[in-house]
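Participant: Handing you this structure, nothing more for now.
The values are calculated or read from the model by the stated rules, or taken from the named source; none is laboratory data. The structure presented is a predicted model; accordingly, all values stated were derived computationally and were not measured. Ideal geometry is used to build each Cβ from the backbone, glycine not excepted, and the neighbour counts take in all protein chains shown. Accessible surface is based on the protein model in full, side chains and every heavy atom, while ligands, DNA and RNA are left aside. Shrake-Rupley method; radii C 1.70, N 1.55, O 1.52, S 1.80 Å.
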Amino acid sequence: MTDTTVQDRPTAACVALLIAAPASGQGKTTVTVALARLHARQGRRVQVFKCGPDFLDPQWLRLASGQPVHALDRWMNGEVDVRARLFQAAQSNDVLLIEGVMGLFDGANSAAELAKSLGISAVVVVDASAMAATFGAIAHGLQHYDPGLQLAGVLANRVATAHHGEMLRSGLRDPALWLGAMHQVSLDAAKPRANLLPERHLGLVAAHELHDAAERLDAAADVLAQTPLGQLSWQEWQQRWTVAFTAPAVAAPVPAWLAGRRIAVARDAAFSFIYTANLECLQAMGAELAFFSPIAGDRLPACDALWLPGGYPELHLPALKANAGLQLDLQAHLEQRKPVWAECGGMVALAEGLTDLDSRWHSLWGLLPAQAVMHQRLAGLGMQQLLTPWGMLRGHTFHYSKLQSEALEVARSSRPGQAAESGKGEAVYQQGSIHASYFHAWFPSCPQAVAALLGVDMPVVDPQAWHREALNA
């Protein structure tokens, strides 16, 4: 069938903004959740997206907006997928917010490049807690560094006083860039400089772990409501930042390769690193999903295959070990040669045990002949791609533990553009019907590979792909 031209495709207009920063740690997430909460409280339908791979920020963004949060990465998703998600969202929402990643211009697929490709303006959040006139120099540089980027303005974050805010505003060469001063937000008067969204290794503390998470979001929205950005009328938002999103070319639907199959998915505080898009991909292939909580004592649901996502098993070691019934169920699952795909924390839970930061040993499920060791520093970070016999599966890695194992190594992932040779990426281990890795897969990038890993007899594209040293496209 001949594809229609871009001009012939329908468009959907919607207010859209990128929330970015000069660097990590400036307060992008706080401002994004505050904006989402503010618009939602005013009766608007808001959907938030996150640039790049991230499991923790989206939990806060979802709580603030009340809707699922999808990753947007032009490499991991692909350009067509990015545009399709935004077009779909623009048809049913009033506001689309995209939280950036790292610094505005950082990375080969930077937040700035994404915004330029889509015609979206950027609000830049700057931690101004230890500066005055230099704030103006940063704003000036951001405004002129790339003329192709539309800068909506700058928002000063963590501002101490009204006088401090005035010093920052007066330093701007272009007064029109001023979107206001966001003062420090805290729920504890005794700790006024405490982070509203607390952090630990791997990122923010998950929203569901804090009993007052909703109160924290409202506090951020209340502070933002006092700024010029927060006080703009809805009409001004529409006039300044409405974007027309064009429908992508119609893609063929994913075949129902998993029809009639029940996939068990561990989902709780220990196994929470789950992309909504991955669940949707499994369902699009016809799978029935059965969720269960290992730390709540759940047994393994009746299933044809199991997915153990990443998360924080190291924070729930006693509960995981205490679930002896689940351990027996998993052993029976493997004895029946039913497939398991275990990512990062899911792989660690299958190991014999884990050595924590205090050098203490904790026994785990013992179904993978391996031992995990926690480290103070990052052991793996970045985009990864896995060459499989069924195609290229894209994703990323982010972990503080290391696995020591004699298990069969059947493949390695690699960074974009690198050769899939030993030592260049995350190992993928195979033990019986288990495939396990620190690699976090983005399922929509290669549904065929996902279906095969979950036990479907799929046509092989490259029989030697697991083993061959090949240049990854």
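Participant: Does Arg412 fit the bill of being open to solvent by 20 Å² or more (accessible area, probe 1.4 Å), modelled with pLDDT under 90, farther than 25 Å from Ile295 by Cβ and of a type in the set (Lys, Arg)?
Facilitator: yes
Participant: I've got another one for you. Of the residues Asn157, Asn109, only one is polar (S, T, N, Q) and over 29 Å from Gln42 (Cβ atoms); which?
Facilitator: On inspection, the qualifying residue turns out to be Asn109.
Participant: Quick one: in the range 1-44, which of the residues that are part of a helix (DSSP H, G or I) and over 16 Å from Ala64 (Cα atoms) is modelled with the highest pLDDT?
Facilitator: The extreme case among them is Asp8.
Participant: Exactly one condition in (1) under 27 Å from Leu258 (Cβ atoms); (2) assigned to a loop (DSSP other than H, G, I, E, B); (3) of a type outside the set (Gly, Ala, Ser); (4) in contact (Cβ under 8 Å) with a residue 40 or more places away in the chain is not met by Pro416; state its number.
Facilitator: (1)
Participant: Another question, then. For the range 364-383, name all the residues that are surrounded by 21 or more Cβ atoms within 10 Å (Cβ to Cβ) and not in a strand (DSSP E or B).
Facilitator: Within the range 364-383, Leu364, Trp365, Leu367 qualify.
Participant: Another question, if that's okay. Can you find, within the range 315-363, the residue that is farthest from Arg377 (Cα to Cα) among those that are open to solvent by 40 Å² or more (accessible area, probe 1.4 Å) and within 23 Å of the chain's Cα centre (by Cα)?
Facilitator: Step by step, filter the range 315-363, then rank; the result is His316.
Participant: Looking only at residues that are crowded, with 19+ Cβ neighbours inside 10 Å and in a loop (DSSP other than H, G, I, E, B) in the range 45-65, which one is nearest to the chain's Cα centre (by Cα)?
Facilitator: Restricting to residues being crowded, with 19+ Cβ neighbours inside 10 Å and in a loop (DSSP other than H, G, I, E, B), the top hit is Asp54.
Participant: Residue pairs, Cβ under 9 Å, 6 or more apart or interchain, first in the range 422-437 and open to solvent by less than 30 Å² (accessible area, probe 1.4 Å), second polar (S, T, N, Q) and modelled with pLDDT of 95 or more. List them.
Facilitator: Within 9 Å, the pairs are Ser433/Gln336.
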